[in-house]
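Read through the structure below, which is laid out as structure tokens, and then see the notes.
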Amino acid sequence: MCGIFGYIGNREIVPVLIGGLKKLEYRGYDSAGICVSKNGTLQYIKKEGRISELEKEEGLKKISGSIGIAHTRWATHGKPNEKNSHPHLDCKKEIAIVHNGIIENYRVLKKLLTDEGHKILSETDSEIIVHLIEKFYEGDLEDALSKTLKLIEGAYGIAVLSSKEEKIIVAKKGSPLVIGVGEKEMFVASDISPIVEYTKKVIYLSDDEIGIISRGKYIIKNRDGKQIEKDLQEIKWSIESIEKANFKHFMLKESFEEPEVIKNTIRGRIKEGKIKLSINLDFKKIKRIILTACGTSWHSALIGKYLIEEYSKIPCEVDYASEFRYRNPLISEGDLIIAISQSGETADTLAAIKEAKERGAKTLGIVNVVGSTISREVDSGIYLHAGPETGVASTKAFVSQVIAILLFSIYLKQEKGEEIDKELLLEIENIPDKIEKVLFNSEKIKKIAEKFKDSKNFLYFGRGINFPVALEGALKLKEISYIHAEGYPAAEMKHGPIALIDKNMPVVFLATKSSISKKILSNIEEVYARKGKIISIVNEKDLEIEKFSEEVIVVPETLEELSPVVNVISLQLLAYHIANLRGFDVDKPRNLAKSVTVE
Ligand code: F6R
């Protein structure tokens, strides 16, 4: 999703802005641009396509200065082309803005501005912002922006630059913005990835706040225009952790980080046979838990339902955040709504949490990005500590989410005064080694990928706690390899999907040991009888399953409740190798964004 970056300091700006945009590439984009202010003039350049294309532009070499803003655009209103890309400029080319979010009332404002004679060049909702600022500008950019914000409805993260003022002004509502505070230089961005190589000190803007940044100074004002003090936060992520090391893609790097990630998620949380979580909620009052999330995080929520009900015996439901927020949910004080989100910025998940709060529920966040909007919105939370996830397809955040929910589920049981199974705690600590063993299979999985990479469809079947893993395997494959894939509970096969099975259909079975292993075996036989090409994930050489399978991937045995985190690794690798062999840009799949900050 769109990315914002801005810089004011003493460095020569073009390499800084281009470097920053490259750090934002992972969010997904289809055009990019920069605007630099120098000697009372704005110099700008925009380009459809990759940042590497923008870099080739002759015009870029002529741009110099040390104050500027930059943007990667992911089209929402208007096609991905140069005209619609940001920065947008006013009629006199004296003010420029970059904007993330959606201006809902842009049509009326566009009409008003056009009637007043403004020349609006793009099809975007964003461009009206700069013309409104132009309309209100009387020598004070901050004042003009404040008047503009009163008129616009919707979500925004905005950075504004004027040829007449040595500052960048930023404003936020519903779309994240963070200010990086350096020595005599300041940064602004939609997330910390372009900032972290320069400074670890940041300020997260809250909704309705305005930031005025100049060289070596920042001022934050609240919605009433009053200056406020905000704490500087220290970023813990290193630059190495957000670079690719020797891996071809972030997705592969992040998959190989999974053992370490799980260690980080559990660090300090399992102690002397107990779960330690600092959650500020009165659990006695909780009568029902609703997990809400999107995409991959929704799949970990589905696993979470099994775990929470198993350990806490509290009824648990799972809702797509996008559905929850609009379905007039029945919420009461005894409800705990848990939002699961890697980015902590997903618009639907954020809105679901706000909705739940308004209806009187308590809220908890299971979030990766520290300081993100969801993490600040909830009553209490559990951070994943999975480190930055850059590949658009979520991998390490998923396993970390499942482990975090498992810890939380056991914690609920513990809070009820019940005995905790020590063997389970020990096994959680053993999981990183088991995942390591699955990762050793990567080359074997690549060979399987070679065999099936040209398939048109895939089916994934699992049962019980591994049904959501089947959904996740299918999602991973479709999003990065563009092969149509579906996940089902294996028993549902006979109610429809079985009609699809023929000799061209690869069918992945999650067939590791469980209380219902025998049932899975009969599902495998049904597919075999219809000549489907079976790929089985099993725990050890299982002659019976092998007899029916075209390919078998052996993974270490673990407790059933932990099997999703071990099993999903093979599916992530299978999707990765297929997409890579098909020659696709694995980290930036078409049409997808890392952080979905609009509805
Ligand atoms: C898929 C994927 C997405 C996200 C979804 C929610 O690989 O990454 O489906 O899981 O957009 O994002 P978060 O977890 O950031 O709320």
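The values are calculated or read from the model by the stated rules, or taken from the named source; none is laboratory data. Just so we're clear, the structure is a prediction, and the values are computed from it rather than from any experiment. Methodologically, a virtual Cβ is constructed for each residue, glycine included, from the backbone with ideal geometry; neighbour enumeration extends over all protein chains shown. Calculation scope for accessible area: heavy atoms of the full protein, side chains included, ligands and nucleic acids excluded. Shrake-Rupley method; radii C 1.70, N 1.55, O 1.52, S 1.80 Å.
Within the bounds of the range 268-282, is there any residue that is under 20 Å from the mean Cα position of the chain (by Cα) and of a type outside the set (Phe, Trp, Tyr)? Within the range 268-282, none of the residues are under 20 Å from the mean Cα position of the chain (by Cα) and of a type outside the set (Phe, Trp, Tyr). Residues considered: 213, 219. Of these, the only one that is open to solvent by less than 10 Å² (accessible area, probe 1.4 Å) and among the hydrophobic types (A, V, I, L, M, F, W, C) is 213. Out of curiosity, is residue 420 over 28 Å from residue 387 (Cα atoms), touching a residue at least 60 places away in the same chain (Cβ under 8 Å), outside any helix (DSSP H, G or I) and over 28 Å from the mean Cα position of the chain (by Cα)? For residue 420, the condition - over 28 Å from residue 387 (Cα atoms), touching a residue at least 60 places away in the same chain (Cβ under 8 Å), outside any helix (DSSP H, G or I) and over 28 Å from the mean Cα position of the chain (by Cα) - is met.
Looking only at the range 559-572, decide whether some residue is within 16 Å of the ligand (Cβ to nearest atom), assigned to a helix (DSSP H, G or I) and farther than 17 Å from residue 448 by Cβ. Yes, the range 559-572 has at least one match.
Only one entry of 382, 435 meets the criterion of being among the hydrophobic types (A, V, I, L, M, F, W, C) and either part of a helix (DSSP H, G or I) or under 21 Å from residue 566 (Cα atoms) (or both), and that entry is 435. If you take the residues of the range 349-360 that are more than 8 Å from the ligand (Cβ to nearest atom) and crowded, with 24+ Cβ neighbours inside 10 Å, which of them is nearest to the chain's Cα centre (by Cα)? Looking at the filtered set, the residue picked out is 350. Of everything in the range 18-56 that is among the small types (Gly, Ala, Ser) and assigned to a strand (DSSP E or B), the residue that is modelled with the lowest pLDDT is 31.
With 252, 291 as the choices, which residue is within 16 Å of the ligand (Cβ to nearest atom) and assigned to a strand (DSSP E or B)? Give the derivation first.
Details: 252 fails: assigned to a strand (DSSP E or B).
Selected residue: 291, the only one of 252, 291 that is within 16 Å of the ligand (Cβ to nearest atom) and assigned to a strand (DSSP E or B).
Out of the helices (runs of 4 or more DSSP H) lying entirely within the range 80-188, which hold 3 or more residues that are under 21 Å from residue 224 (Cβ atoms)?
127-136, 141-151
Quick one: is residue 374 in a helix (DSSP H, G or I), outside the structural domain of residue 196 (by TED's automatic domain parsing) and within 15 Å of the ligand (Cβ to nearest atom)? It is true that residue 374 is in a helix (DSSP H, G or I), outside the structural domain of residue 196 (by TED's automatic domain parsing) and within 15 Å of the ligand (Cβ to nearest atom). When the residues of the range 361-371 are filtered to those that are outside any strand (DSSP E or B) and either within 13 Å of the ligand (Cβ to nearest atom) or not assigned by TED's automatic domain parsing to the domain that holds residue 293 (or both), the one that is farthest from residue 408 (Cα to Cα) is 369. Checking the stated criteria, residue 156 turns out not to satisfy the condition of being at pLDDT 95 or above and in contact with a strand residue (DSSP E or B) (Cβ under 9 Å, 6 or more places away or on another chain).
The condition of being open to solvent by 10 Å² or more (accessible area, probe 1.4 Å), assigned to a helix (DSSP H, G or I) and near the ligand (Cβ under 10 Å from one of its atoms) holds for only one of 394, 343, 297, that being 297. Looking across the range 24-50, the residues that are under 21 Å from residue 239 (Cβ atoms) and crowded, with 24+ Cβ neighbours inside 10 Å come down to 24, 27.
Residues checked against (1) modelled with pLDDT of 95 or more; (2) not acidic (Asp, Glu):
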position	(1), (2)
355	no, no
387	no, yes
398	yes, yes
415	no, no
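Once the range 305-340 is narrowed to residues that are within 15 Å of residue 352 (Cβ to Cβ) and part of a helix (DSSP H, G or I), the residue that is nearest to the ligand (Cβ to nearest atom) is 321. Looking at the range 578-588, which of its residues are within 13 Å of residue 450 (Cβ to Cβ) and open to solvent by less than 10 Å² (accessible area, probe 1.4 Å)? Within the range 578-588, 578, 579 qualify.
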